[in-house]
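Data first, discussion second: the structure below is written as structure tokens.
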Amino acid sequence: MLPIRRGILGVGRTHLPRSSLLTTPQFIRHNSSSSTSSTETKDKKSKSVESNFTVSPKKAPQADMSQIPLQLLGCLTDFYIPPKYSSAPVSSWPKLLMRRIMLFALNTYSIVAFKRELGVPLKFDLWKDRGIEQYVRANKAFAEACNEPKARVKGEIVEKRLDHSCGIHVGEALFARSKSFPLGSSVKWELVKLVKDPKIVLFNSIPDRNGVACFVQFVMKLNTVQKMTIFGKDGEVVQEKEQPVEDNLVFSLDPLSDELLLVGKLFESNHIRGLKPEIDISNPKEAKRFMVVAADIYRADPRESAVESANKNN
């Protein structure tokens with residue numbers, strides 16, 4: 001394991017309620033009708049109550065999350081990642097501070113519930129160390145796959161190197177990217193150093209059908225300096241780049257077996273959105289699509305891509 005100095009648990013998580021994994025409350029509609037004056041009064045009061053709430057249709061029973069293999073449990077939703085104050089207008093700072101406080105409270109609640117329901121110790125130091133190892137293994141496996149000209153062998157490398165290290169969606173994303181790497185060229189990836197202590201910014205318990213925690217997804221903010229070197233056909237250095245990198249890595253954890261898998265990456269939320277996820281995980285197609293998108297740990301921040309596109313158009 002990499003020797004690192006430990007930090008404290010950071011602020012940041014969005015907790016999904018124990019029973020349904022959804023954040024939208026459901027309320028029962030009160031409907032009544034009567035010809036008598038007394039019941040009419042009650043009916044008016046009932047309608048008054050109705051107008052203050054959003055009524056949700058009945059939903060089909062949720063799948064038992066405990067029956068899903070951990071390697072298939074990709075990033076569930078676009079969890080709220082607190083943005084830096086420097087990236088937001090000063091006028092939004094009070095709201096950003098309030099959201100951080102709320103996230104800290106939800107994070108704390110989830111940890112307390114985890115300890116109460118499972119009775120297993122929290123191993124943040126171990127999880128951080130193993131998370132870094134999985135991240136390094138994923139990057140090195142990707143570089144090795146890029147250096148192999150045959151697609152079949154690329155797939156075998158990714159499957160073998162990432163077994164019990166990454167979720168299936170991450171493996172598929174890395175394999176797809178490796179196939180687009182120029183033939184005849186090769187790449188070398190290095191982790192130069194850790195810039196800061198890794199920090200867990202989100203801790204989210206995933207309940208089974210009975211509401212008891214069975215899995216955990218957490219987001220770890222990792223600040224590193226990385227070096228990428230690309231070699232040409234004759235082995236000459238075509239490009240060499242060393243730069244600081246900040247990643248918000250998503251991990252799925254089985255707390256009973258201690259199996260930990262890298263399942264994706266998220267970016268800081270903008271200063272406008274609230275804590276509620278924007279991805280509807282009750283929609284299987286949308287949830288599956290987001291798992292695939294989030295699993296691509298080499299994708300660019302969509303906000304940066306939008307800025308670059310706007311600059312080109314101007």
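The values are calculated or read from the model by the stated rules, or taken from the named source; none is laboratory data. Bear in mind the structure is a predicted one, so any value in this text is a computation, not a measurement. Backbone-built Cβ (ideal geometry, glycine too); neighbour counts: all protein chains shown.
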#### Entry: Residue pairs meeting the criteria (Cβ under 6 Å; at least 6 apart or on separate chains; first surrounded by fewer than 16 Cβ atoms within 10 Å (Cβ to Cβ), in the range 185-203; second outside any strand (DSSP E or B) and among the charged types (D, E, K, R))
ASP197/ARG5
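Restricting the search to the range 208-227, which residues are surrounded by 16 or more Cβ atoms within 10 Å (Cβ to Cβ) and either touching a Phe, Trp or Tyr at 6+ places or on another chain (Cβ under 9 Å) or modelled with pLDDT of 95 or more (or both)? If you could, list the steps in order and put the result at the bottom.
Taking the range 208-227 first, the residues surrounded by 16 or more Cβ atoms within 10 Å (Cβ to Cβ) are 208, 213-222, 224, 226.
Passing the criteria: ASP208, ALA213, VAL216, GLN217, PHE218, VAL219, MET220, LYS221, LEU222, THR224, GLN226.
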### Pick from the range 237-264, criterion free of Cβ contacts under 8 Å to residues at least 40 places away in the same chain and not hydrophobic (A, V, I, L, M, F, W, C), ranking: farthest from ILE200 (Cα to Cα)
GLN239
### Residue within the range 90-111 that is hydrophobic (A, V, I, L, M, F, W, C), in a loop (DSSP other than H, G, I, E, B) and modelled with pLDDT of 95 or more present
no
### Task
Name the single residue, out of those in the range 149-175 being surrounded by 15 or more Cβ atoms within 10 Å (Cβ to Cβ) and of a type in the set (A, V, I, L, M), that is farthest from the chain's Cα centre (by Cα).
ILE157
### Selected residue [modelled with pLDDT of 95 or more, within 30 Å of TRP189 (Cβ to Cβ), under 19 Å from the mean Cα position of the chain (by Cα) and of a type in the set (Gly, Ala, Ser)] from ALA145, ALA138
ALA138
#### Entry: Every residue from the range 82-98 that is touching a Phe, Trp or Tyr at 6+ places or on another chain (Cβ under 7 Å) and either touching a residue at least 24 places away in the same chain (Cβ under 8 Å) or of a type in the set (S, T, N, Q) (or both)
LEU96
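Looking at the structure I just gave you, is LEU126 part of a loop (DSSP other than H, G, I, E, B) and surrounded by fewer than 21 Cβ atoms within 10 Å (Cβ to Cβ)? Give the steps one after another, and end with the answer.
Working: part of a loop (DSSP other than H, G, I, E, B): no; surrounded by fewer than 21 Cβ atoms within 10 Å (Cβ to Cβ): yes.
Spelling it out, it is not the case that LEU126 is part of a loop (DSSP other than H, G, I, E, B) and surrounded by fewer than 21 Cβ atoms within 10 Å (Cβ to Cβ).
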